[in-house]
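What follows is a single structure, written as structure tokens, with notes after it.
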């Protein structure tokens, strides 16, 4: 079901022409800085992959991929990617990327089951990145260090935007607040996960919530994760489970947090087998991606996705992701946005 957050007294700080130019500036500047911070080279990525290879990301496991038959392959079906979490790891192996280096790409996806609103669209565009690591890097300190490098690129981008558009004032916190989802649950035991996210991000402005996917002390996960990319069951140095997390930024215009990145240290052979068993997905061991990982032909890695339209929405102080990208919206949402002075593309 679609849902519209109605901002109070909203007036865009940039007109349509300024917005289009701002989108271009943000995307070009941020990806250059991300590449430098994490030592990533750009690669070309697919829009779709063959069904049944295990390469597509099934997100939380309930979203349907958009698919179509391929005439020249005997009507074998292709799926539009949800993300490139597993494809990138295969690419690291095929390109023989050395530890400490990685790749990034423009990922474009269609998520037909998305609940449409200010932050969610049928069309998803993000920078998908992946970097080769060593066994010694599979720890919480390394994860936090990578997150800080990404945030450094975000802070520099904010400075550029504020220099280009003086009407936009700095808003990002100088530092990231790290917290594990179990710590967050204990802090707000009577709240839902989304309510906890809102409370902690309102307080600290920029938050990285760790340990997404595994069951917490109440027997429920903070949020769902597919069992075959992020490692959410390995114990970490803080005494909790999980080597992954979500990066959230407080957005004053909508009075809510915006998740700009989901990322983590990826599963190794042991963790993959454990998480497939825990999730009841052991049949995936026979798929192409999983076979390659289990036989040891894929490198250890860390990776994630960073929302392009969401970042632009945050930097350019927009109230709706439809002010950044062209997509399809319910007619009643378009009418409501027009009354709220939210110009959807």
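Each value in this text was obtained by applying a stated rule to the coordinates, not by laboratory testing. The shown structure was predicted, so the numbers you read here are calculated from the model rather than taken from an experiment. Note that we place each Cβ from the backbone using ideal geometry, even for glycine, and neighbour counts take in every protein chain shown.
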The helix 85-94 Cα axis meets the longest alpha-carbon principal axis of the chain at an angle in degrees, between 0 and 90 and rounded to 10, of 60 degrees
Efficiency of FRET from Cβ geometry, residue 28 and residue 328, R₀ 25 Å, rounded to 0.05: 0.40
Would you mind computing, in nm to one decimal, how far apart the modelled labels at residue 44 and residue 341 are, each placed 7 Å from Cα along Cα→Cβ? 4.5 nm
Let me check against my output: what whole-number percent is the relative contact order of the stretch 16-339, with C-alpha pairs under 8 Å and at least 6 apart? 20 percent
Percent breakdown of C-alpha pair distances by 10 Å bin, ordered from the shortest bin, for the chain: 5, 24, 35, 26, 9, 1
Packing-based exposure ordering (other Cβ within 10 Å, fewest first) of 70, 253: 70, 253
Assuming R0 = 51 Å, what is the FRET efficiency of residue 135 and residue 15, from their Cβ-Cβ distance, to the nearest 0.05? 0.45
So for the stretch 1-94, using the alpha carbon gyration tensor with a ≥ b ≥ c as root eigenvalues (a/c under 1.5 gives rounded; past that, a/b versus b/c decides prolate or oblate), I'd call it oblate
Sequence of 37, 270 once ranked by neighbouring C-beta atoms within 10 Å, starting from the fewest: 270, 37
Residue 63 to residue 152: extension gain in nm, 0.36 nm per residue of separation minus the Cα-Cα distance? 28.8 nm
Added length on full extension, which subtracts the Cα-Cα distance from 0.36 nm per residue, residue 72 to residue 286: 74.5 nm
Per-residue counts of other Cβ atoms within 10 Å, averaged by peptide: what ranking do you get for 20-30, 259-269, highest first? 259-269, 20-30
Using only the alpha carbons of the stretch 232-345, determine the length spanned along each of the three principal axes and report them from longest to shortest in whole angstroms. 56, 33, 24
